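Asks: One structure, as structure tokens, below. Some questions next.
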Amino acid sequence: MKYRPSRRTRRMAISTAVVLALSGANGPWLYRFGSERYHAYAINEPEYKAANGHWDFLDVPSEFRINTIHAALLHTGKVLLVAGSGNNQKNFDAKSFRSVLWDPAADTFKNIPTPKDMFCSGHTQLPDGKLLIAGGTKRYEKLKGDVTKAGGLMIVHNEDPDKPITLPAGTRFTGKGNGKTFVSKDPVLVERATKVFDRRTGAFLRNDPGLGRIYVESRQAGTEYGTGTQDNYRVSGLSGSDTRNVYGIAQKLALDKKDFQGIREAYEFDPVAEKYITVDPMHEARWYPTLTTLDDGKVLALSGLDEIGQIVPGKDEIYDPKTRKWKYTGIVRKFPTYPAVFLLSDGKLFYSGSNAGYGPADIGRDPGIWDLATNRFQKIPGLRDADEMETSATVRLPPAQDERFMVIGGGGVGESERSSEKSRLVDLKDPDPEFRDGAPLDEGTRYPSATLLPDDSVLVTGGSDDYRGRGGSNLLQARLYDAKTDRYERVADPVVGRNYHSGSVLLPDGRVMIFGSDSLYADSANSRPGVFEQRIEIYTPPYLYRGSRPELTAGPKRLRRGGTGMFTTSRGSTITSAKLMRPSAVTHVTDTDQRSVELGLARTAGGISVTVPKNRALVPSGWYMLFVTDAKGTPSEGTWVEIP
């Protein structure tokens, strides 16, 4: 008898043929669909999370979404997100400046009135828990083709030794040789001249004029109103001896590119009152300065672009939180814009060579140890790619007592396509410290974010292998770095690419917030303009998927340097380490406040006792998160303690 398939068999055969036909036409889609579904399934499996961690989006309501440039964890447990104008010219012109306060515990948001454009400011934690924010944007850059009025730097001289002089905004300067007139955009104080005497005879030699720097523009648009050579300029509105003693000198005043310009304003953000408090302005205007808290609680401000768009010429100044006033250091040390400068345990400062750019390629790029008291600078050799430090990240490896640093990735100066895959390590306790290459990344990485975790690993994520993510070059990768073994371990990949203006912050519960990104283009063909990335991701590390966590149930809110504190816990016998972690205040991927200080640990009948190191430079006054970790490497939630 001839075999005849059943109706059910015939239906299955027909269905299979249809599927195969569809597969032939839509194979890539079906594969992609299946792969994406499998990937979503796999990354949510408990075993995967315990090994690799997990990424989630933070659900930010539309009215609180901003171009986050800066972020700082406050001792209230809330996170201050600062955009200012958010690198957006329209926001700047409209004076639309934004800050948002996020409470991770309650998952609530609050808009904070923002008085000035804090885009490109510097910030650091103060001893009383406030956040100092200084500098910002006075004017956006203009590229050469967009500049319509000739302008540039005017150096105003005052040869009168008896009095300074202030010239108001709108002062006119007319060239003695070229006859062209330029107008100042801001007021300028010109100090009085200094009398110079012969040291041997005491005879008067000359007056060294006081100097003032001001940006001037032509009154009318057009190339014919510019100049190409140096000239002396008469100052309008003067009378008597001032007409002879006060004058301007300018080089070329033309339609060249005009850089960003900085502001002098400074503020403290009060985490309790949740508002900005105006303090005395800096002496120098600064766009992207670095602020570093010193061992006495004062703050050093250095570098940045000034009110005319040039690197601040080494005029460093110090802020005193007690008086809320600034004072020049009286020394000169030149750096690129936004250099990574860290406080060391002996009170000296370490400059890693990392920076955010906008500085001369050949000035202040050498890493080294800086003695602020004497202005001596010990260069550190071994950095074989010093020309690729721009947009690199620097992290102080745990524990902070070891004074070991790692510089990660980076690229060439300016809009260079070059990027580095290197990790460079340096041990500053070595009698002759020298950089050496550590474990490399898989590919060149500009703008990597590096966050210390309470289990002593470092989360390294984000970045791109070209300038500002050009050519679709964002790297969707994350790694955990082990400082003891000098090894990277690949973990779960983020969803969002991050490059320029991105950063990461450790939260008190042990998760990490990753924010920002300012791509030039939105596609790999560089055909569509980029849009600032407002989405925020939260990374939950593997240690939070490995069962229960140790918990500190009670203990002191204050710990003194050299002192001991008792904390109760039901699992004291399992705890193997305790550390203080300084809350993050980050911009341009490097956070000079970030540190993890190992504490002395002893187990007691009811819990544990911890002992704080005596060194004030190692543990500056301020608020810290206290973490304890068990034998599995699982940390507790951070407990806030104050070091007075």
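The values are calculated or read from the model by the stated rules, or taken from the named source; none is laboratory data. Please read all numbers here as calculations on a predicted model, not as lab measurements. Here Cβ is always computed from backbone atoms with ideal geometry, including for glycine, and neighbour counts include all displayed protein chains.
Asks: Could you list, in sequence order, all residues of the range 124-148 that are in contact with a Leu (Cβ under 7 Å, 6 or more places away or on another chain), buried (at least 24 other Cβ atoms within 10 Å of the Cβ) and either under 22 Å from Ile308 (Cβ atoms) or modelled with pLDDT under 95 (or both)?
Replies: Scanning the range 124-148 gives a single hit, Ala134.
Asks: For the range 329-348, enumerate the residues that are within 24 Å of Val413 (Cα to Cα) and without any contact (Cβ under 8 Å) to a residue 60 or more places away in the chain.
Replies: Residues satisfying the conditions are Val332, Arg333, Lys334, Phe335, Pro336, Thr337, Pro339.
Asks: List the number of the failed condition for Tyr276; all other conditions in (1) touching a His at 6+ places or on another chain (Cβ under 7 Å); (2) within 18 Å of Arg98 (Cα to Cα); (3) of a type outside the set (Val, Ile, Thr) hold.
Replies: Every condition holds for Tyr276 apart from (1).
Asks: Moving on. Restricting attention to the range 81-98, which residues are surrounded by 23 or more Cβ atoms within 10 Å (Cβ to Cβ) and either within 26 Å of Asp509 (Cα to Cα) or without any contact (Cβ under 8 Å) to a residue 12 or more places away in the chain (or both)?
Replies: Leu81, Val82, Ala83
Asks: For residues in the range 602-634 being in a loop (DSSP other than H, G, I, E, B) and of a type in the set (Val, Ile, Thr), which is farthest from Gly77 (Cα to Cα)?
Replies: Thr604
Asks: Which condition number does Asp103 fail, the rest of (1) crowded, with 16+ Cβ neighbours inside 10 Å; (2) within 19 Å of Glu274 (Cα to Cα) being met?
Replies: Here Asp103 meets the rest and fails (1).
Asks: Of all residues in the range 102-157, which are over 20 Å from Asp591 (Cα atoms) and polar (S, T, N, Q)? Walk me through it before giving the result.
Replies: Residues of the range 102-157 over 20 Å from Asp591 (Cα atoms): 103-117, 137-157.
Result: Thr108, Asn111, Thr114, Thr137, Thr148.
Asks: Please pick out the residue among Thr639, Thr590, Thr611 that is β-branched (Val, Ile, Thr), out of contact with any Cys (no Cβ under 6 Å at 6 or more places or on another chain) and within 24 Å of Pro289 (Cα to Cα). Spell out the reasoning first.
Replies: On the way: Thr639 fails: within 24 Å of Pro289 (Cα to Cα); Thr611 fails: within 24 Å of Pro289 (Cα to Cα).
Step by step, each of Thr639, Thr590, Thr611 is checked, and only Thr590 is β-branched (Val, Ile, Thr), out of contact with any Cys (no Cβ under 6 Å at 6 or more places or on another chain) and within 24 Å of Pro289 (Cα to Cα).
Asks: Then there is this: Whether any residue in the range 534-550 is touching a Phe, Trp or Tyr at 6+ places or on another chain (Cβ under 9 Å), among the acidic types (Asp, Glu) and surrounded by 22 or more Cβ atoms within 10 Å (Cβ to Cβ) is what I want to check.
Replies: Checked the range 534-550: no residue is touching a Phe, Trp or Tyr at 6+ places or on another chain (Cβ under 9 Å), among the acidic types (Asp, Glu) and surrounded by 22 or more Cβ atoms within 10 Å (Cβ to Cβ).
Asks: Based on what the data block shows, is Tyr539 aromatic (Phe, Trp, Tyr), assigned to a strand (DSSP E or B) and closer than 15 Å to Leu452 by Cα?
Replies: On the way: aromatic (Phe, Trp, Tyr): yes; assigned to a strand (DSSP E or B): yes; closer than 15 Å to Leu452 by Cα: yes.
Yes, satisfied.
Asks: Suppose we filter the range 492-506 for residues that are buried (at least 22 other Cβ atoms within 10 Å of the Cβ), touching a residue at least 60 places away in the same chain (Cβ under 8 Å) and not aromatic (Phe, Trp, Tyr); how many remain?
Replies: 6
One line per residue, one yes/no per condition, for (1) of a type in the set (Val, Ile, Thr); (2) at pLDDT 95 or above; (3) in a strand (DSSP E or B):
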position	(1), (2), (3)
His157	no, yes, yes
Thr166	yes, yes, yes
Gly170	no, yes, no
Phe173	no, yes, yes
Asp186	no, no, no
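Asks: If Ala71 satisfies all but one of (1) surrounded by fewer than 12 Cβ atoms within 10 Å (Cβ to Cβ); (2) touching a strand residue (DSSP E or B) at 6+ places or on another chain (Cβ under 8 Å), what's the number of the condition it fails?
Replies: Result: Ala71 passes all but (1).
Asks: Can I ask one more? Among Gly463, Gly382, which is the only one that is surrounded by fewer than 17 Cβ atoms within 10 Å (Cβ to Cβ) and in contact with a Phe, Trp or Tyr (Cβ under 6 Å, 6 or more places away or on another chain)?
Replies: Residue meeting the stated conditions: Gly382.
Asks: Oh, and also: Of the residues that make up the range 478-490, is at least one of a type in the set (Gly, Ala, Ser) and either within 21 Å of the chain's Cα centre (by Cα) or assigned by TED's automatic domain parsing to the domain that holds Phe627 (or both)?
Replies: Looking through the range 478-490, at least one residue is of a type in the set (Gly, Ala, Ser) and either within 21 Å of the chain's Cα centre (by Cα) or assigned by TED's automatic domain parsing to the domain that holds Phe627 (or both).
Asks: Quick check on this structure: which one of Ser457, Ser449, Ser517, Ser504 is at pLDDT 95 or above and over 21 Å from Asn87 (Cα atoms)?
Replies: Ser457
Asks: Quickly run through the range 429-446 and pick out the residues that are under 17 Å from Tyr488 (Cβ atoms) and either of a type in the set (Gly, Ala, Ser) or touching a Pro at 6+ places or on another chain (Cβ under 8 Å) (or both).
Replies: Passing the criteria: Gly438, Ala439, Leu441, Gly444.
Asks: Considering the range 130-155 alone, what residues qualify as being among the acidic types (Asp, Glu) and assigned to a loop (DSSP other than H, G, I, E, B)?
Replies: The one that is among the acidic types (Asp, Glu) and assigned to a loop (DSSP other than H, G, I, E, B): Glu141.
Asks: Still on this structure: Please count how many residues of the range 340-395 are among the charged types (D, E, K, R) and touching a helix residue (DSSP H, G or I) at 6+ places or on another chain (Cβ under 9 Å). If you could, list the steps in order and put the result at the bottom.
Replies: Just the residues of the range 340-395 that are among the charged types (D, E, K, R), to begin with: 346, 348, 362, 365-366, 371, 376, 379, 384-385, 387-388, 390.
After this cut, where a residue has to be touching a helix residue (DSSP H, G or I) at 6+ places or on another chain (Cβ under 9 Å) as well, the list is 365-366.
Number satisfying all stated conditions: 2.
Asks: Just for the range 546-579: of the residues that are within 30 Å of the chain's Cα centre (by Cα) and of a type outside the set (A, V, I, L, M, F, W, C), which one is nearest to Ala605 (Cα to Cα)?
Replies: Among those that are within 30 Å of the chain's Cα centre (by Cα) and of a type outside the set (A, V, I, L, M, F, W, C), it is Ser577.
Asks: Separate question: Can you tell me which residue is surrounded by the most Cβ atoms within 10 Å (Cβ to Cβ) among those in the range 39-53 that are under 19 Å from Lys632 (Cα atoms) and out of contact with any Pro (no Cβ under 8 Å at 6 or more places or on another chain)?
Replies: Let us first name the residues in the range 39-53 that are under 19 Å from Lys632 (Cα atoms), namely 46-53.
Going one step further and asking which of them are out of contact with any Pro (no Cβ under 8 Å at 6 or more places or on another chain), we end up with 46-48.
On the way: Pro46: 9, Glu47: 9, Tyr48: 17.
This residue is Tyr48.
Asks: Something else: Can you give me the ranges of the strands (runs of 3 or more DSSP E) entirely in the range 282-345 with at least 1 residues that are in the same structural domain as Glu268 (by TED's automatic domain parsing), in contact with a Pro (Cβ under 8 Å, 6 or more places away or on another chain) and surrounded by fewer than 19 Cβ atoms within 10 Å (Cβ to Cβ)? Please lay out each step first, then the result.
Replies: Numbers: elements: 290-293, 299-302, 315-320, 325-332, 341-343.
Passing ranges, in order: 325-332.
Asks: For the range 412-467, give me each residue that is more than 26 Å from Pro542 (Cβ to Cβ), in contact (Cβ under 8 Å) with a residue 60 or more places away in the chain and not hydrophobic (A, V, I, L, M, F, W, C).
Replies: The answer is Pro433, and nothing else.
Asks: What is the residue count in the range 223-278 for residues that are in a strand (DSSP E or B), of a type outside the set (S, T, N, Q) and farther than 20 Å from Ala585 by Cβ?
Replies: 11
Asks: What about Arg65, is it surrounded by 12 or more Cβ atoms within 10 Å (Cβ to Cβ), modelled with pLDDT of 70 or more and of a type in the set (D, E, K, R)? Spell out how you get there, then give the answer.
Replies: Working: surrounded by 12 or more Cβ atoms within 10 Å (Cβ to Cβ): yes; modelled with pLDDT of 70 or more: yes; of a type in the set (D, E, K, R): yes.
Yes: the conditions hold for Arg65.
Asks: So Arg234 clears everything in (1) of a type in the set (Lys, Arg); (2) at pLDDT 95 or above; (3) touching an Asp or Glu at 6+ places or on another chain (Cβ under 8 Å) except one condition, right? Which one?
Replies: (3)
Asks: Let me ask something else. With the requirement that a residue be without any contact (Cβ under 8 Å) to a residue 12 or more places away in the chain and touching a strand residue (DSSP E or B) at 6+ places or on another chain (Cβ under 9 Å), what does the range 101-145 give you?
Replies: Thr108
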